[in-house]
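Notes follow the structure.
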Amino acid sequence: IAIFGHDSVIYTSLITLCNMLVLQTVGVFLYSKGNYSLKASLHNMIKLPVLWVALVALALNLLHVKIEENTFRALEMGAHTALTLQLLTFGMFLNQIKLKTLNYRLLLVTNVVKFLFLPLLLFPFFFWLKLDPLPTGVLILQLTVPMAVNNINYASLYYCRPVDVAGMVLVTSLV
């Protein structure tokens, strides 16, 4: 809102929702694939409650169901609690990082892909689409957002180097 104003809220919300769905599907599959078979990884992806709740939310939205204020407030409090727990988990894994054992190569590759390769690949695509300046600006800004703390949850859940992932989240936040 501070950069693009209130008109950008719909775009940032949609992009955030898309990012969340990609993390909940492709991200979970990839983290799971590190230690599980293809079949088990697909099963891990499908059994996540977030995807099912998203489908219920979409159905409620399409049916124009209004959520009562008290219910909405309770759900909002749950979301704030979940965020606090995610940040505690992030702190626990950050505490385990040792400079001598930090995977610098992984950090370099992650940052080069996230902040150099993806923007260079996608900028021409944005202009080819001939979008209005507002959605283009929001998309470009979203490319520079640090990795989500949610990544640590899935890396930990599927035993896929959560300490390294915590380091990536920290470094992408600093960059």
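The values are calculated or read from the model by the stated rules, or taken from the named source; none is laboratory data. These numbers come from a predicted model, not from an experiment. No Cβ is skipped: glycine too gets one built from the backbone with ideal geometry, and neighbour counts run over all protein chains shown. These accessible areas exclude ligands, DNA and RNA; they are computed on the full protein's heavy atoms, side chains included. Shrake-Rupley method; radii C 1.70, N 1.55, O 1.52, S 1.80 Å.
Pull out a ≥ b ≥ c, the square roots of the eigenvalues of the alpha-carbon gyration tensor of region 111-173, then state rounded if a/c is under 1.5, prolate if not and a/b is larger than b/c, and oblate in the remaining case. Don't skip to the end; give the middle numbers.
Working: a/c = 2.99, a/b = 2.59, b/c = 1.16.
It comes out prolate by the Cα gyration axes.
Could you give each residue of region 61-69 its phi-based ³J(HN,Hα) in whole Hz, using Karplus coefficients 6.51, -1.76, 1.60 with θ = phi - 60°, and x for Gly or Pro?
5, 5, 8, 6, 7, 8, 8, 4, 4
For region 17-74 and region 96-158, compute the distance between their C-alpha centroids and round to whole Å.
Measuring centre to centre over Cα atoms gives 21 Å.
To the nearest 500 deg cm²/dmol, what mean residue ellipticity at 222 nm is calculated for the chain from DSSP H runs of n ≥ 4 alone, each contributing -39,500 (n - 2.57), summed and divided by the residues?
Values: 10 runs with 123 residues, N = 175.
Counting only the DSSP helices, I get -22000 deg cm²/dmol.
Under 20 Å from the Cα of residue 47, which lysines turn up, not counting those fewer than eight places away in the same chain?
Cα-Cα hits under 20 Å: 33, 39.
Within a Cβ distance under 14 Å of residue 158, other residues only, what is the Lys/Arg minus Asp/Glu net charge? Could you put the intermediate results ahead of the total?
Details: positive: 33, 47, 161; negative: 164.
Taking every Cβ under 14 Å from that of residue 158, the sum is +2.
Please list 139-152, 32-45 highest first by mean number of surrounding beta-carbon atoms within 10 Å per residue.
Descending packing order for the listed peptides: 139-152, 32-45.
Taking square-rooted eigenvalues a ≥ b ≥ c of the alpha carbon gyration tensor, is region 37-175 rounded, prolate or oblate, where a/c under 1.5 means rounded and, failing that, a/b exceeding b/c means prolate?
Details: a/c = 1.77, a/b = 1.16, b/c = 1.53.
Taking the square roots of the gyration eigenvalues as a ≥ b ≥ c, region 37-175 is oblate.
Using a 1.4 angstrom probe, figure out how much accessible area region 92-172 has per residue, in square angstrom, rounded to the nearest whole. Don't skip to the answer; put the middle values down first.
Working: 5000 Å² over 81 residues.
Result: 62 Å² per residue.
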